[in-house]
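The values are calculated or read from the model by the stated rules, or taken from the named source; none is laboratory data. Source: prediction; values computed, not measured. Glycine also receives a Cβ, built like all others from the backbone with ideal geometry; neighbour counts cover every protein chain displayed. Surface areas here come from the heavy atoms of the whole protein model, side chains and all, with no ligands, DNA or RNA. Shrake-Rupley method; radii C 1.70, N 1.55, O 1.52, S 1.80 Å.
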Amino acid sequence: MKRDKIIFYVATGLLTLLMLFSVSMYFFKHDDVSVMFTNFGYPTYIIYPYAVAKLLGLVALWNPNFKVIKEWAYAGFFFAFILAFFAHYMIGDGEQTGALLALVLLIVSYIFNKRISK
């Protein structure tokens with residue numbers, strides 16, 4: 001049980017750091033992110049709402065009282081990382097490894113969250 005908690009906290013902590021870096025880019029490097037979103041073909045007006053959604057998802061992941069919302073947050077992050085991987089892959093900018101790393105951390109966090117919450 002102790003090992004499972006350590007793995008959960010390490011994976012979720014690393015995922016949180018990765019997401020906070022992403023959110024900080026969305027807020028503080030808006031021009032660079034706008035160029036990236038334009039290259040993907042995404043509208044730039046979703047940058048700030050997407051950053052807020054990522055922050056809310058992190059709150060849900062760390063709060064043990066939000067069981068149903070936590071499931072939705074895991075699902076939302078899963079689809080976001082899959083779409084980010086393919087978006088980077090399709091435009092060929094070579095940045096898909098970040099999305100793949102986030103996906104692996106998310107899956108590990110999810111599996112060990114299920115183990116420790118039994």
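Details
- Number of residues in the stretch 97-118 that are open to solvent by 30 Å² or more (accessible area, probe 1.4 Å) and touching an Asp or Glu at 6+ places or on another chain (Cβ under 6 Å): the value is 2.
- Hits in the stretch 79-96 - residues which are open to solvent by 80 Å² or more (accessible area, probe 1.4 Å) and within 13 Å of the chain's Cα centre (by Cα): Phe79, Leu83
- Residue selected from the stretch 53-65 under the condition over 10 Å from the mean Cα position of the chain (by Cα) and within 15 Å of Ser109 (Cα to Cα), by the criterion surrounded by the most Cβ atoms within 10 Å (Cβ to Cβ): Leu61
- Residue check, Val68 assigned to a helix (DSSP H, G or I), exposed (fewer than 14 other Cβ atoms within 10 Å of the Cβ) and either out of contact with any Leu (no Cβ under 8 Å at 6 or more places or on another chain) or modelled with pLDDT of 95 or more (or both): yes
- So Thr38, is it part of a helix (DSSP H, G or I), closer than 18 Å to Leu15 by Cα and among the polar types (S, T, N, Q): no
- Some residue of the stretch 33-40 being closer than 19 Å to Leu100 by Cβ, of a type in the set (A, V, I, L, M), open to solvent by less than 80 Å² (accessible area, probe 1.4 Å) and modelled with pLDDT under 95: yes
- Within the stretch 19-29, the residues that satisfy the criterion of being part of a helix (DSSP H, G or I) and open to solvent by 50 Å² or more (accessible area, probe 1.4 Å) are Leu20, Phe21, Met25, Phe27, Phe28.
- Hits in the stretch 1-50 - residues which are of a type in the set (A, V, I, L, M), under 19 Å from the mean Cα position of the chain (by Cα) and under 19 Å from Leu105 (Cβ atoms): Ile7, Val10, Ala11, Leu14, Leu15, Leu17, Leu18, Met19, Leu20, Val23, Met25
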